[in-house]
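Have a look at this one.
The values are calculated or read from the model by the stated rules, or taken from the named source; none is laboratory data. No experiment lies behind these values; they were computed from the predicted model shown. Counting neighbours? That spans all protein chains shown, and the Cβs are built from the backbone with ideal geometry, glycine included. Note: accessible area is taken over every heavy atom of the protein model, side chains too, but ligands, DNA and RNA are not part of it. Shrake-Rupley method; radii C 1.70, N 1.55, O 1.52, S 1.80 Å.
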Amino acid sequence: MIGRLVANLENHGPLAAEDRAAFLGLLGASRSQPPESELVVDGQASGECQVLLEGQAFRHKTTSDGRRQIIAFLAPGDFLDLQRMFVGVDYGVTALTQCQTAPIACVRLEGLMLQRPGVARAIWRTSLVEASIQRAWMIGVGRRTAYARLAHLLCEIFLRLSHLGLAHGQR
C-alpha cells in the first residue's frame, strides 16, 4: 500500500532513505472508504490533504445543473487534494472502488518540504506531471474524436497503473 505512494513520488527521481522515512512519518491513520463515497468535498475547508493508498477514484467538477464532469482519474499513490496546502479545493473526489486513504497535515507537509528539498522536488514533479495530464485532457476535449479520447484515456490509465505494478502484460 504505502510502497505505491513512495513509488509514485520516486517515478521522476529517487528519494534519499531519510527523505522517504520522513515523508511516510507524516501519514495519519489510514481510512477505508466504500465505493461512491466523497473523499474530497468541493469547497470544504480542511487542514489536511489526502493521499490515495489503495483503490481508484476520480476528481470532478459539478456543473450549475448538478451534473459532474470528470477531470481526472486517480490511482494509488496520488494526492487527492494537494492544492489544499496553498488554496482551497474547487473540485470533489469520489471513490470508484473500495479505497484506503491517509491524511497528511498540510502544515507538517509544508514544513517537511522546506526542510527536505528532495521531498519538495518529488512533490513538485508529481504536480507537474498532473498538470501535463490535465493539458492533454484539454486537447482531447477540444481536438480529438470520441474514439481518440477514449483510446487516450485507456492508454493513460494503463501506463499509470503499469508504473505502479498494477497492470500486467497487455491487460
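Between 72, 17, which is of a type in the set (A, V, I, L, M), modelled with pLDDT of 90 or more and closer than 30 Å to residue 116 by Cα?
None of the others qualify; the one that does is 17.
Now, a different point. Tell me whether the range 21-38 contains one or more residues that are touching a Gly at 6+ places or on another chain (Cβ under 6 Å) and surrounded by 15 or more Cβ atoms within 10 Å (Cβ to Cβ).
no
When you scan the range 13-55, how many residues do you find that are touching a residue at least 40 places away in the same chain (Cβ under 8 Å), over 24 Å from residue 107 (Cβ atoms), more than 15 Å from the chain's Cα centre (by Cα) and not in a loop (DSSP other than H, G, I, E, B)?
Here the count works out to 1.
Among residues belonging to the range 143-171 that are closer than 19 Å to residue 52 by Cα, open to solvent by 70 Å² or more (accessible area, probe 1.4 Å) and not aliphatic (A, V, I, L, M), point out the one that is modelled with the highest pLDDT.
158
Among the residues of the range 135-143, is any in contact (Cβ under 8 Å) with a residue 24 or more places away in the chain, under 13 Å from the mean Cα position of the chain (by Cα) and more than 18 Å from residue 25 (Cβ to Cβ)?
Checking the range 135-143: not a single residue is in contact (Cβ under 8 Å) with a residue 24 or more places away in the chain, under 13 Å from the mean Cα position of the chain (by Cα) and more than 18 Å from residue 25 (Cβ to Cβ).
Where the second residue is open to solvent by less than 100 Å² (accessible area, probe 1.4 Å) and the first is β-branched (Val, Ile, Thr) and lies in the range 103-116, which pairs have Cβ atoms under 7 Å and are six or more apart or on separate chains?
Pairs found: 104/26; 104/27; 104/28; 104/48; 104/49; 104/51; 107/47.
Do we have any residue at all in the range 131-142 that's among the hydroxyl-bearing types (Ser, Thr, Tyr), open to solvent by 40 Å² or more (accessible area, probe 1.4 Å) and under 20 Å from residue 44 (Cα atoms)?
Let us first name the residues in the range 131-142 that are among the hydroxyl-bearing types (Ser, Thr, Tyr), namely 132.
Subset that is open to solvent by 40 Å² or more (accessible area, probe 1.4 Å): 132.
After this cut, where a residue has to be under 20 Å from residue 44 (Cα atoms) as well, the list is none.
Scanning the range 131-142, I find no residue that is among the hydroxyl-bearing types (Ser, Thr, Tyr), open to solvent by 40 Å² or more (accessible area, probe 1.4 Å) and under 20 Å from residue 44 (Cα atoms), so the answer is no.
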